[in-house]
Amino acid sequence: MQLNQEKCLAAQERAGQPAACAAAAFSPAADAAKGTASLSPAPKQAGIKLEYVDGIFALVTLVLGYLFLRWVSLIFAGAGIPLFTLCFLAVVLCYARRAGCRPARASWGWGGFLFAFSLLFLKGMPGSLVFPALVFLCALAAYWTLVVFGVRISGRLDGNFAKDLFNALLRLPFCSFGALPRAVASLRRGDAAQGEEEKKRRRVVTPSVAAGTLLTALLLPLVLLLLAQADAGFERALTLLFGQIEISPEFLLRAFFSIPVSLYFFGLFCAARHRLHTGPDAAGQQAVREAKRSLGFAAAAIPTAALLAVYLLFFVSQLPYFFSAFAGLLPEGFTYAEYARRGFFELLAVAAINLGLLLFAKRRTPAASRGRRLLSGLLCGATLLLLITAARKLTLYIDIFGLTRLRIWAGWAMVFVAAATLLFLLDEFRPLELLRLLVLLFCGWFFLLCAVNTESITLRYNYDAWQSGQIEEFDPWQGDDFFAAPALCGILADAEEDWIREACTLRVEQAVQEFTWREKRPLTGFTLQGMFTLRAADRVAAEGLLYWGAAESAELLE
C-alpha cells in the first residue's frame, strides 16, 4: 500500500500536481470522508444565492404588483387586463433573458394563447364569466412561467400537469414568498463570489442608482403636474394612462395591498429561475404513479360490471322515457321543463361517475388488458348514449321555450363531456397522451365559450323563433343589456309591436348608461363591445327607430 502511494505521488509530481494535494488524496481522512459521502446523500441547499439581476427585477415586480391591482378588475374588466398581461409577459421574458435562461420553444405557443385569451376582455365579456375567466387566466400565466424557465417536472405537458399547476400556483410562490426583500437587499451588499473590482463597481453603482431614483421620484411628479396644467391634451393623456396623478387614499390603499401581490409574483419568478421546490423529477413521478398501480384488475372490473348491469336494466325499463325525445314526443306525466331538466342532471351524475371510474381504472390498475378494454368501452358507450339522448331532449326543450344563456352553457358542457369520453375510449384501444389532450381540449373549449356573445345570440334567436311561431312567448328583457345591445338594435329595426320597441329602447338606454359608467375607468373598463353598443345606439337614434322618436331618442342617449 505504501509503495503504491509513493509511486502515485511521484507520477503526480512529474505531472505538475503539488505533492501536498496528492498526499491528501490518499490520506485516511480523505478515504473516510469519501466513504461517508458515498453512503449518505448530499445535503440539500439551504437557500438560494440571489444575484444583482434578482434585485433589479424585484423592484420591477413591485411595480407589476401595483399595476395588477390598478388594471385588473372584476367590475371594470376591460382593456386593463390585456395590458397587464402584456407587461407580465415582458417582465418574465426579460427576467429569463437577463438570468441567462433561454425560454423553451413551447413557451411561445403558451404565451401566444395567454395573450389571445386576455384580448377577450378587451372585446368584452359578460359578468357571469369574468371571474372564472380571470381564474383561468391567472392559472395559465403561472403555468406559462414554469414553461419559460423550463422547470416543469417532465419538461412537457403530460401526466404531471396537475403537479406542475400546483407548483406554479401554490408551491413555488409561497415557498419563496419572502424572496423579494432579500433580493432588494442584495443590490446593496453585492456578490461575494465576484472579484474586488466588481464589488467596488457595484458599491459605486448602487448609491448612484439610488440617488438617481430618488431625484426622479421627486422631480417627475412635479414636472408632470405642471405640464398637465399647461396643456389639456397632455392632461387627458395622463388621465388615460395613470388615472389620478396625485397621491390619494385610493393610491395608498392600492399600493399597500400590492405588496403581497408583488411578493407572490416574485416568489414564483425567483423560485422558477433558481429551480426550487419543484418536487421529484419525471422519473420520480413515474415511479410514484407505477407504485399506485398496486390494485388488481378486479378493483375496477367489479364496479364497472355492476354499473353496466344497472345501466342495462335502466335503459330497458325506461326505454320510452329516454328515446321518446328522438320522436319529438313527451312521456306521460311530464312537462317539457321537467323532462329536459331531469335528463340534464342525469347526464351530469352519470358522466361524473363513469369518467371517475375510468380514471380510477387507468391510475390504480395495471396496463390495459383485453377485459378492461371491453368493460371500459361499454362504459364509454353507455355514457355517450346518455349524452346523445340528453342532447336531443335539450334541443326539444329549446324548440318549445327558446334559448337561454344557461341552456347554451349546458349544451357546451355536453359537447366537452362527449369529447372527453371519446378520448377515454380511444385511449383504451390506442394509447394517447390523454391528459395532454384533455388540457388542450379544455383550453380551446373555454376560449370559445368566453369568445361567443351568448346574450346577443339568445335574444335574436328567440325573437326570430317567436316571429315564426316556433315559441309562444318572447321576453325582450332577457340577458345583459350591455351585451344584448347589438340584437336589441336589430330587433328595433324589425319589430312593429310598440311594447317590444319600448322595451328595446329602454334596454338600449341602459346599455348606453353602462357605457358611460365604464368611461369612469377609461383604460381599465374600455371594451370593444362598448364601442359597438354606442355606435348601434347612435345609428338607431339617427334613423328614428327608437320608440319615442328620433329627437327624443337623441336627447335620451346624450
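Summary table
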| item | result |
| --- | --- |
| Some residue of segment 445-468 being within 30 Å of Leu355 (Cα to Cα) and in contact with a Gly (Cβ under 6 Å, 6 or more places away or on another chain) | no |
| Test: residue in segment 431-450 that is surrounded by 15 or more Cβ atoms within 10 Å (Cβ to Cβ) and of a type in the set (Lys, Arg) | no |
| Residue that is nearest to Leu437 (Cα to Cα) [pool: residues in segment 120-167 that are assigned to a loop (DSSP other than H, G, I, E, B) and of a type in the set (Val, Ile, Thr)] | Ile153 |
| Qualifying residues in segment 246-305 (those that are aliphatic (A, V, I, L, M), at pLDDT below 85 and surrounded by 18 or more Cβ atoms within 10 Å (Cβ to Cβ)) - the one nearest to Ala183 (Cα to Cα) | Leu276 |
| Which listed residue is modelled with pLDDT under 85 and either part of a helix (DSSP H, G or I) or among the polar types (S, T, N, Q) (or both), from Cys87, Cys8, Cys94 | Cys8 |
| Lone qualifier among Tyr321, Tyr397 - being at pLDDT below 75 and assigned to a helix (DSSP H, G or I) | Tyr321 |
| Phe483 being of a type outside the set (S, T, N, Q), in a helix (DSSP H, G or I), closer than 30 Å to Arg152 by Cα and in contact (Cβ under 8 Å) with a residue 24 or more places away in the chain | no |
| Only one of Cys489, Cys504 that is within 30 Å of Pro82 (Cβ to Cβ) and touching a residue at least 40 places away in the same chain (Cβ under 8 Å) | Cys489 |
| Qualifying residue in segment 519-529 (condition: more than 25 Å from Gly127 (Cα to Cα), touching a Leu at 6+ places or on another chain (Cβ under 7 Å), buried (at least 16 other Cβ atoms within 10 Å of the Cβ) and in contact (Cβ under 8 Å) with a residue 40 or more places away in the chain) | no |
| Filter result for the condition that a residue is in contact with a helix residue (DSSP H, G or I) (Cβ under 7 Å, 6 or more places away or on another chain) and more than 30 Å from Leu140 (Cβ to Cβ), over Ala390, Ala419 | Ala390 |
| One residue from Leu506, Leu534 being in contact with a Phe, Trp or Tyr (Cβ under 8 Å, 6 or more places away or on another chain) and either among the hydrophobic types (A, V, I, L, M, F, W, C) or outside any helix (DSSP H, G or I) (or both) | Leu534 |
| Check on Phe447, at pLDDT 85 or above and part of a loop (DSSP other than H, G, I, E, B) | no |
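The values are calculated or read from the model by the stated rules, or taken from the named source; none is laboratory data. The shown structure was predicted, so the numbers you read here are calculated from the model rather than taken from an experiment. Here Cβ is always computed from backbone atoms with ideal geometry, including for glycine, and neighbour counts include all displayed protein chains.
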